[in-house]
Structures are given as C-alpha cells and as structure tokens.
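What follows is a short report on a single structure.
The values are calculated or read from the model by the stated rules, or taken from the named source; none is laboratory data. Model, not experiment: these values are computed from the prediction. Glycine gets a Cβ as well: all are built from the backbone with ideal geometry, and neighbour counts include every protein chain shown.
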Amino acid sequence: MKNIKEITKEELDTIKVVTFDIDGVIAPTGTEIREEDGGTKLYMESKPLSEKFIENLEKLEKYVQLNFSSGRNILYLKSLVNEIFDEKTILQAENGSITWLNNKITHPIYSDEYFNQLRDLKEKIRKMKKNDKRIRGFEPKLFILTVHCEQMEEIPNLVKKVAGDNLYCLWTNEGYDIGNKETSKGQAILNLAEELNIEPKQIMTTGNNYNDAEMLKVGKGVSVAPDRVEAEYFIEHKPEELGGELLVEFLLDYYIKKEQFSISN
Ligand SMILES: [Mg+2]
C-alpha cells in the first residue's frame, strides 16, 4: 500500500467520482439502536457530518462528482448529505443494494426465496434476543438485514444454517450486515462506472471496513484503516481525525493549486 501523498498527477486527473464510505470515514462511528420487544419502539441516534466538511464537499463538487456508499439505508444517507444534495449527488445504500443516480433510485431484483430467508433470520434472531442481552435490535433496511449486537458466533452460524453460502454476514463493529452475495459495494461501483461510461478506476473509493474491501479493490482505493482493510493507497490520520475529511482537504489542495496554476499561465 502506498501513502496517498504518492498518488500521481496523471492518476488524479483521471478521477471523475469520489466515493465516501460514511462510518469511521467521514462521520464518527457509532449508531445507537434500541428496540423494545415487539418492535414497537425504535430509538436510533447517529452522528452528523462536520460543518467544515460540508463546506469542503461543496468546493470539491466543482471538480468531481460525489458518491456516498454505505451499509446504512437510503433515507439516512439522503438526510446526512441533504445540505449539499443535488442531481449530481450519487447515493449507494445498503452495501450497494440501492443506487440513487440522476435523481432516480434503482436496485437489483431479488427472489422471494431471498426475502423469505431474511424474514426467517429476523424471526429467529428476535427469538434469541428475548434471552440474550447482547442483541439490541434491527436497523431499518429494505434489502439487507442489519442486527445490532455484540460480536457473537451465533449470528454468522445461524445465517449459514438458514441460507448456506447464499448470504454474506459481515461484522460492522456494531453488529452484522446480512445480505445477498451477488450484491456488494464493489459491484455497485462497477455498475456505476458502466452507467457513467467511465472506467471503475476513475472512481476513487474510501473505506475502513470489511464491507468496503471490494469497492476499494475495483475503484481507485484509499483505505483509512490500512491495518483492517487493504487498498492501493492509504491515508494517515490520528485517532481523533477522520480519514475522509483529510482526503477531501488533500484533493481540494490539488485541484485549487492546479486551477491557480492554469490561470497564472
Ligand atoms: Mg465504514
């Protein structure tokens, strides 16, 4: 892995889209979910983006298209970036299951069997939750199942038992994302490149977790947690800093200097 500072001008000049993972990359990690029995009450709290970062995104938009790719649902993603949202903004929600592009939402067609497996899993986990304090609840999603819980073998084991190898079950630091193996953040980047008629490597991708591994590989990947997930590049940051915020500053510095240079020449 190379430090992002080593990226060449030629590489930077080909970038058309910058893709941001959210949690741990541009927003502090940690969503609190509490679900009462019967699922009648849901409490969810997430951290917003910093004001300075939003200002920087507005500047960056002049040079590249912005894409936000997350395991979170589309409503959360849209609300998070609503201040800068316009027809150029791209959203990819639920680990690549949903794409908002050109003000239109698209998603793959899933079988009844898939939805039945998710429903079956949800029911079984809900039963486990009654006697297991480690399970806190479910985050609202359309196409994947997200359980908030401690790291516990019982969940991936259950997924295997119910669906064999058809589903992924990825640890997210606050629970498990369970979904269709055909869909991933990486596949969503490949689809996006096709839609935009560009090469996948013209899409810069960022991430800090296992669900980011594929999109870091297919795009121009920048890992903000190189000890956890690999990419061609990494960005150094202190524990109290967000790698995605630093990347935007780095990119702005490049684009603004380049612009000034071309004006003065
Ligand atoms: Mg993340």
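Structure notes:
- Filter result (within 22 Å of Tyr210 (Cα to Cα) and either away from the ligand (no atom under 15 Å from the Cβ) or not aliphatic (A, V, I, L, M) (or both)) within segment 67-90: Asn67, Phe68, Ser69, Ser70, Gly71, Arg72, Asn73, Ile74, Tyr76, Ile90
- Residues of segment 202-217 satisfying the condition of being surrounded by fewer than 24 Cβ atoms within 10 Å (Cβ to Cβ) and in contact with a helix residue (DSSP H, G or I) (Cβ under 6 Å, 6 or more places away or on another chain): Gln202, Glu214
- The residues on offer are Ile135, Ile105, Ile155, and the sole one that is touching a residue at least 12 places away in the same chain (Cβ under 8 Å) and closer than 28 Å to Glu195 by Cβ is Ile105.
- Residue list for segment 190-214, restricted to those being closer than 25 Å to Asn102 by Cβ, of a type in the set (A, V, I, L, M, F, W, C) and in contact with an Asp or Glu (Cβ under 8 Å, 6 or more places away or on another chain): Ala193
- When Glu35 is tested against the conditions (1) crowded, with 19+ Cβ neighbours inside 10 Å; (2) within 16 Å of the ligand (Cβ to nearest atom), the lone failure is (2).
- Only one entry of Leu77, Leu118 meets the criterion of being closer than 15 Å to Lys185 by Cα and either assigned to a helix (DSSP H, G or I) or not assigned by TED's automatic domain parsing to the domain that holds Ala27 (or both), and that entry is Leu77.
- Any hit, segment 244-256, residues being part of a loop (DSSP other than H, G, I, E, B) and closer than 20 Å to Ala213 by Cα: no
- In segment 218-265, residue nearest to Thr205 (Cα to Cα) [restricted to those that are of a type in the set (Val, Ile, Thr) and surrounded by 17 or more Cβ atoms within 10 Å (Cβ to Cβ)]: Val222
- Restricting Thr19, Thr29 to residues that are within 16 Å of the ligand (Cβ to nearest atom), in contact (Cβ under 8 Å) with a residue 12 or more places away in the chain, assigned to a strand (DSSP E or B) and under 16 Å from Thr206 (Cα atoms) narrows the list to Thr19.
- Taken over segment 147-187, the criterion of being within 16 Å of the ligand (Cβ to nearest atom), assigned to a loop (DSSP other than H, G, I, E, B) and either touching an Asp or Glu at 6+ places or on another chain (Cβ under 8 Å) or over 20 Å from Arg228 (Cα atoms) (or both) is satisfied by Thr172, Asn173, Ser184.
- Criterion applied to Glu87, Glu58 was being among the acidic types (Asp, Glu) and either at pLDDT below 95 or part of a loop (DSSP other than H, G, I, E, B) (or both), and the one residue passing it is Glu87.
- Ala225 vs. criteria small (Gly, Ala, Ser) and in a loop (DSSP other than H, G, I, E, B): yes
- Hey, Tyr110 at pLDDT 95 or above, more than 16 Å from the ligand (Cβ to nearest atom) and in a loop (DSSP other than H, G, I, E, B) or not: yes
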